[in-house]
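Q: Once you've had a glance at the structure underneath, I'll fire off some questions.
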Amino acid sequence: MTAIFTFVGGDVAFVASDTKREVHGYATVAPKAVRWSENIVIPQTGFGEGLKRLIGELMSWQHRHPSMLTSVGIAHAFGQVADARLQAEIDRLARQANADKVDGTLIVTEASRSGSAAQIMTLDWRSKAVTPQPAPVYADGTAQPDFLAIAKTEFAARNVGAGSFDLAAWGMACIEKAQASSAGAAVNWPVDLTICRTDGGLPISLTQRVGSPSAPTHPLFVI
């Protein structure tokens, strides 16, 4: 029950993610993106509880190996810990006959820094596939093909001329369209907007939670 929309371009990485999660039939609010470093955001879609533990293990690997701050490092850490974490989750849920729930995808959203190119790549927990995705926009979630079409359509409608681009407006419009789609029951507000960028030559990151498509947003989301 997730809608994730991502953008990368130059020194900017942006993620819009809904926060709906159902636990035992009750709707709750849960963040679905973490900041890995000053230029990388990792949203998730799938079995949220297990993915949080997977990200925790990736973070532990990161802290032991400072060179793991790049997307290359993330992919390497994923290769080291994903199998064991997957099996642990399957074993834990097997007692409840829910082992098939253990799946998910991490979407590595990386802004350019120190000569590295901005990029998006997905890490599939079941297959272990590490897949580069075409930039500048990508989407994932409950209805991935439909959400990706929304991301591209909304981006094309706004990315005209040489003026500024409001990533918050784009992300919220995508979430709104996703909520209105056939998979909309899986998507709900509030929405978390996260950006990593440079401002005045300094790296900066910001997350803002917004409660509706009309909510005011921080000017740092305008690029």
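Each value in this text was obtained by applying a stated rule to the coordinates, not by laboratory testing. The structure presented is a predicted model; accordingly, all values stated were derived computationally and were not measured. Methodologically, a virtual Cβ is constructed for each residue, glycine included, from the backbone with ideal geometry; neighbour enumeration extends over all protein chains shown.
Q: Which is farthest toward the positive dipole end of the chain among Val108, Met59, Ser214, measuring Cα position about the Cα centre, with Cβ charges +1 (Lys, Arg) and -1 (Asp, Glu)?
A: The one lying farthest along the dipole's positive direction is Met59.
Q: Classify segment 138-211: rounded, prolate or oblate, from the alpha-carbon gyration tensor (a ≥ b ≥ c, eigenvalue square roots; a/c under 1.5 rounded; otherwise prolate if a/b is larger than b/c)?
A: Oblate shape, in that a/c is at least 1.5 and b/c is the bigger or equal ratio.
Q: Calculate, in nm to one decimal, what Ala117 and Arg53 gain on full extension: separation in residues at 0.36 nm each, minus their alpha carbon distance.
A: 20.2 nm
Q: Same structure, new question: Please give me the summed charge of the neighbours of Gly201: other residues whose Cβ is under 14 Å from its Cβ, Lys and Arg +1, Asp and Glu -1.
A: The answer is -1.
Q: Just grab the label-to-label distance for Ala149 and Asp11, each label 7 Å out from Cα along the Cβ direction, in nm (one decimal).
A: 3.8 nm
Q: Same structure, new question: Please order Ser205, Ser164, Ser37, Ser114 by the number of other Cβ within 10 Å, starting at the fewest.
A: Listing Ser205, Ser164, Ser37, Ser114 from fewest to most nearby Cβ atoms yields Ser114, Ser164, Ser205, Ser37.
Q: Tell me what the chain gives for mean residue ellipticity at 222 nm when only DSSP H runs of n ≥ 4 count, each as -39,500 (n - 2.57), the sum divided by the residue total, rounded to 500 deg cm²/dmol.
A: -10500 deg cm²/dmol
Q: Explain nothing, just the number: dipole magnitude of segment 75-223 about its Cα centre with +1 on each Lys and Arg Cβ and -1 on each Asp and Glu Cβ, in debye rounded to the nearest 20.
A: I would put it at about 100 debye.
Q: I need Leu51, Leu69 ordered by Cβ neighbour count within 10 Å, fewest first.
A: The most exposed by this proxy come first: Leu69, Leu51.
Q: Taking the chain, how many lysine pairs are there with alpha carbons less than 25 Å apart, if each pair must be eight or more places apart or span two chains?
A: Number of lysine pairs found: 14.
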